[in-house]
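See below for the structure under consideration.
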Amino acid sequence: MSYSERRESFNRAFDGFFLWLLSRARAFISETGELVLFGWHATKLSFSRPYRFEETISHMEFIGNKSVQIIALSGFFTGLALAFQIYLGFKLVNATSLVGPTVALGIFRELGPVLTGLIVSARAGGAMAARLGTMRVTEQIDALEVMGVNPIQYLVSPRVIAAVIVMPLLCGVFDFVAMTGCWLITVKLLEADEAQFWFRTSLWLEPFHIYEGLFKAAVFGLFFAVICTHRGYTTKGGAEGVGSATNRGVVLSMVMIIVLDFFVTNLLNVMYAVKAALW
Amino acid sequence: MVGQPPNRELDSLMEKQAEDARNFKNKYAIEIADVKKSFDGKEFVLQGIDLKIPKGEITVIIGYSGTGKSVLLKHILGLLKPSSGSIKVLGEEIADKDVEELTKLRQNYGMLFQYAALFDDMTAVENVMFPLKEHRRDYSKAKMLEIARERLKDSGLDEKHFNKLPAEMSGGMRKRVGLARALALDPAILIYDEPTTGLDPVLTEMVDNLIVSTHNLKKGTTSIVVSHDLFAAFRIADHVAMLDSGKVLLFGTPDDFLKSDIDLVKRFVSKGVRRELQPKDGESQKDVSSRE
């Protein structure tokens, strides 16, 4: 192969790669825009008549009440495992009195909202995508539209609002149960000093840290509900389409929760620093 | 929604609108003039549809698959906007209406979907009550229940099935519930989307009879049936419109179709006749001959 042929072949491959990259970027931007508009539309419709109180409460029950047990179980064992690992490490430097506050900060600021988000998006988010996807392929959404009922307001808005309200509550349950697990293993099983445990925890843990976690949980609730309902709402095809929509909805929600966590944490810390500097 | 303060002004306005629609005096319920539709700006799915659907009669829209029947139906329902042309429903131009206006307009429609499209988490009665809960919020729950039960009886569903979920019902029962739901708001226009597709001959006849009996029961209602079942069309239609390549090939009475010289119509009719002359379940060739 001559030099010019090799160069032409390279140029062709580069052009192909560039075009592929461009088309992927375009698809990503278009999909993100569609998702943002969908979420905005659903949120806006929550505040216009007719208000969907009954539906919102019913979805709160589905997302919240039916997730409490799994959240409590996960929270308890997360608290136990985290406290045990930290205890083993801190014992080497004779700092077991810091196990409580360290676990508390980790749970309240990070693990509580993130794990709650991941668990609830897998359970309730998957169910949302599957339900709406089934309704789409069996023409139930078309039926709503023909009946003069806005399907986004009837199906999506209550789910989004319910997720935003319920997620901080579930996160609170996770935090409480995880701290109970931490206390149980550190104080009762490993016999660390209980007074030190609570004193250090109350000294290190500020209300801001609790609010930060609860706020993050609400943000994760908004995102997973919008993503999963959007995937379900735009399902195409039959049973295969529903399965694919559910899968994509849950996977994207989980990835988004982990990515978002970083940005929300930074944003909140900047805001906290600004607030501290001003007042 | 029950339990929510009713917006009486809006509800009475909607009820008045429905009443006006039923008393609409024009000869045609729907007037479609030179409607064209393209999704990509190049290929036209509808290539200039002209169709006037007479008020108070049954019009069947037929055609082979891919001729634009469903797209036309979506235009009539306001779910799609035409690229050009005009669509008047009960005298009102709908092509330029916004979502809110279309939502109000759609209360003039009742629609029976191909597979009934019942809400699978609601019982038969709840399905029929749903449009009432949404659009007649000043009605008491008892009144809604009474209307729902009445509509279910009108569509021929046995009372013992009223509290069954769609998953517990047969295809025929689901169609009856779907029809009762379509009738819930006493609509001016009833639309049937492929109501007999995929059904056995007995059920097909049952659904056809149901369409006719419902039409006779609700005097003044305009019925539009989208189908590719020519014989079903001939059994029930006052008028038939045949679509081909996004245009109306022929609009007329069933007799006009039998007499037509248009090649495609003749082929469609003869295929329909051949299919009709196939023995049905439990039928001998002798029965077919006697039918012939």
Kindly indicate the residue of the stretch A:98-119 that is touching a Phe, Trp or Tyr at 6+ places or on another chain (Cβ under 7 Å) and within 22 Å of A:MET256 (Cα to Cα) and also surrounded by the fewest Cβ atoms within 10 Å (Cβ to Cβ) among those meeting that condition.
-> A:LEU115
Screening A:LEU268, A:LEU205 for residues that are more than 30 Å from A:LEU88 (Cα to Cα), of a type outside the set (Asp, Glu) and surrounded by fewer than 21 Cβ atoms within 10 Å (Cβ to Cβ) leaves only A:LEU268
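Yes or no, residue by residue, for (1) without any contact (Cβ under 8 Å) to a residue 12 or more places away in the chain; (2) crowded, with 19+ Cβ neighbours inside 10 Å:
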position	(1), (2)
A:ASP175	no, yes
A:GLU194	yes, no
A:TRP198	no, no
A:TYR211	yes, no
A:ILE227	no, yes
A:HIS230	no, yes
A:GLY241	no, no
A:ALA245	no, yes
Out of the residues in the stretch B:120-147 that are open to solvent by 30 Å² or more (accessible area, probe 1.4 Å) and farther than 24 Å from B:GLY172 by Cβ, state the one that is nearest to the other protein chains (Cβ to nearest Cβ).
-> B:LYS133
Of the conditions (1) outside any helix (DSSP H, G or I); (2) more than 10 Å from chain A (Cβ to nearest Cβ); (3) under 18 Å from the mean Cα position of the chain (by Cα), B:ALA117 clears all except one; give me its number.
-> (2)
Pairs only if they're at least six apart or on different chains, beta carbon under 7 angstrom, first in the stretch B:87-104 and more than 25 Å from A:ILE152 (Cα to Cα), second surrounded by 14 or more Cβ atoms within 10 Å (Cβ to Cβ) and acidic (Asp, Glu); list them, first residue then second.
-> B:LYS88/B:GLU31
Any idea how many residues of the stretch A:51-97 are over 20 Å from A:LEU118 (Cβ atoms), open to solvent by less than 80 Å² (accessible area, probe 1.4 Å) and in contact (Cβ under 8 Å) with a residue 12 or more places away in the chain?
-> 10
Looking only at the stretch A:127-143, and only at residues there that are more than 7 Å from chain B (Cβ to nearest Cβ) and not small (Gly, Ala, Ser), the one that is surrounded by the most Cβ atoms within 10 Å (Cβ to Cβ) = A:MET128
Go through the residues of the stretch B:150-161 one by one and say whether even a single one is open to solvent by 10 Å² or more (accessible area, probe 1.4 Å), within 13 Å of chain A (Cβ to nearest Cβ) and within 28 Å of B:LYS104 (Cα to Cα).
-> no
Could you look through the stretch B:74-101, keep only residues that are part of a helix (DSSP H, G or I) and open to solvent by less than 10 Å² (accessible area, probe 1.4 Å), and pick out the one that is nearest to B:GLY172 (Cα to Cα)?
-> B:ILE76
Check off (1) open to solvent by 20 Å² or more (accessible area, probe 1.4 Å); (2) out of contact with any Cys (no Cβ under 9 Å at 6 or more places or on another chain); (3) within 25 Å of A:ARG123 (Cβ to Cβ); (4) of a type in the set (Val, Ile, Thr) for A:THR235 and give me the number that stays unchecked.
-> (1)
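The values are calculated or read from the model by the stated rules, or taken from the named source; none is laboratory data. As the structure is a computational prediction, the values presented were derived from the model and not from experiment. Positions of Cβ are backbone-derived with ideal geometry, glycine not excepted, and every protein chain shown enters the neighbour counts. Ligands, DNA and RNA are excluded from the accessible area calculation, which covers all protein heavy atoms including side chains. Shrake-Rupley method; radii C 1.70, N 1.55, O 1.52, S 1.80 Å.
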